[in-house]
Amino acid sequence: MAELKLYLDLRSQPCRFVYLFAKANNIPFQHHEIKLFQGDHLTEEFENVNPLRKVPVLKDGDLTLVESMAMLRYLVQKYSTPDHWYSSDPQIRTRVDEYLAWQHTNTRLHSCRVFWVKCMTPAIMDEEAAPEKLDYVLAEFREIMIQFEDKFLQEKPFLAGDEISLADLVAIVEIMQVTASGVPIFEERPKLEAWKQRVEEELGSELFREAHEDILNVQEQQLNLLTPEAKEQFKGRLRLFTNAGMWLC
């Protein structure tokens with residue numbers, strides 16, 4: 001049995017890109033499913049795994065990692081994955097690092113805002129988000145996609161050049177969170193859609209669909225799984241997010 005353990009909920013973006021990376025590179029691991037909507041992260045058992053009560057978590061022998069970017073870099077180094085993921089060429093690697101640094105307060109932040117305002121608000125607060133609030137977060141996200149295309153993608157096949165990298169992997173799962181909210185972001189942007197298709201083909205369409213199945217069905221099937229405890233926790237976080245402009249995902 002694999003020593004490497006990954007604690008994941010594939011509705012979470014960081015969990016998906018760690019999962020996709022491990023699967024795409026045939027890295028053996030034990031998959032421990034943590035169901036956030038059912039409050040698995042609030043249990044004492046999981047607190048012993050990660051006192052922060054967040055996913056993903058990577059455990060490899062005595063090593064425990066709770067930050068997803070560190071997990072990706074660790075897996076690259078330990079398993080000597082193909083160079084295109086995190087290139088040994090310093091200029092290409094720096095392009096990857098530049099996007100990963102930028103995305104935290106841009107692609108990630110604004111995709112989270114769309115998802116929580118449009119998709120999670122009705123499930124948690126039992127009412128739709130105010131139209132002006134939704135319009136605002138959608139406008140912000142669309143502006144970020146303009147910057148994403150103009151600054152990072154440009155006319156290249158992938159964000160760091162001619163081959164898929166960690167940057168593309170992290171980017172695609174964040175943007176798919178907006179698709180899961182019912183926003184046709186790819187249909188609105190042909191260049192973005194063509195890039196998404198290339199990323200999906202590189203990862204493998206079957207694996208891509210498997211990783212995104214739960215989040216793409218979240219509105220129809222998954223939100224009714226929220227336990228009262230998880231709902232109450234998410235309600236507090238949603239209020240904090242919408243009032244203070246913080247991101248939650």
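Annotations for the structure displayed:
- Each Lys and Arg Cβ is given +1 and each Asp and Glu Cβ -1; about its Cα centre, region 83-127 then shows a dipole of about 80 debye.
- Note on region 81-216: Kirkwood hydrodynamic radius from all Cα pairs is 15.6 Å, rounded to one decimal.
- Inter-label distance, residue 187 to residue 30: 4.4 nm, where each label sits 7 Å from its Cα along the C-beta direction.
- The gain in end-to-end length when the residue 210 to residue 126 segment is fully stretched comes to 27.3 nm, 0.36 nm per residue minus the alpha carbon separation.
- Separation between Cα centres of region 181-214 and region 1-63, rounded to whole Å: 23
- Size estimate for region 87-158 follows the Kirkwood approach: the inverse of mean 1/r over distinct Cα pairs works out to 13.9 Å.
- Near residue 22, once Lys and Arg are set to +1 and Asp and Glu to -1 for all other residues with Cβ below 12 Å from its Cβ, the sum equals +3.
- Projecting the Cα atoms of 122, 105, 22 onto the charge dipole of the chain (Cβ charges, centred on the Cα centre) puts 105 farthest toward the positive pole.
- Share of pairwise Cα separations in the chain, more than 25 Å, in percent: 43
- Share of carbon and sulfur in the accessible heavy-atom surface of the chain [1.4 Å probe, %]: 47
- Think of the chain as a dipole: +1 on every Lys or Arg Cβ, -1 on every Asp or Glu Cβ, centred on the Cα centre; then among 70, 181, 159, 70 lies furthest on the positive end.
- The chain, accessible area per residue, ligands and nucleic acids excluded (1.4 Å, Å²): 47
- With all projection directions averaged, the alpha carbon convex hull of region 128-175 covers 3.8 nm².
- With a cut-off of 12 Å on the backbone N, the residues of region 13-35 near the modelled label site 7 Å out from residue 78 along Cα-Cβ are 22, 27-30.
- Sequence of 125, 176 when ordered by accessible area, the most exposed leading, probe 1.4 angstrom: 125, 176
The values are calculated or read from the model by the stated rules, or taken from the named source; none is laboratory data. Remember, predicted model here, so these are calculated numbers, not experimental data. When we count neighbours, we look across all protein chains shown, and the Cβ atoms used for this are built from the backbone with ideal geometry, even at glycine. Accessible surface is based on the protein model in full, side chains and every heavy atom, while ligands, DNA and RNA are left aside. Shrake-Rupley method; radii C 1.70, N 1.55, O 1.52, S 1.80 Å.
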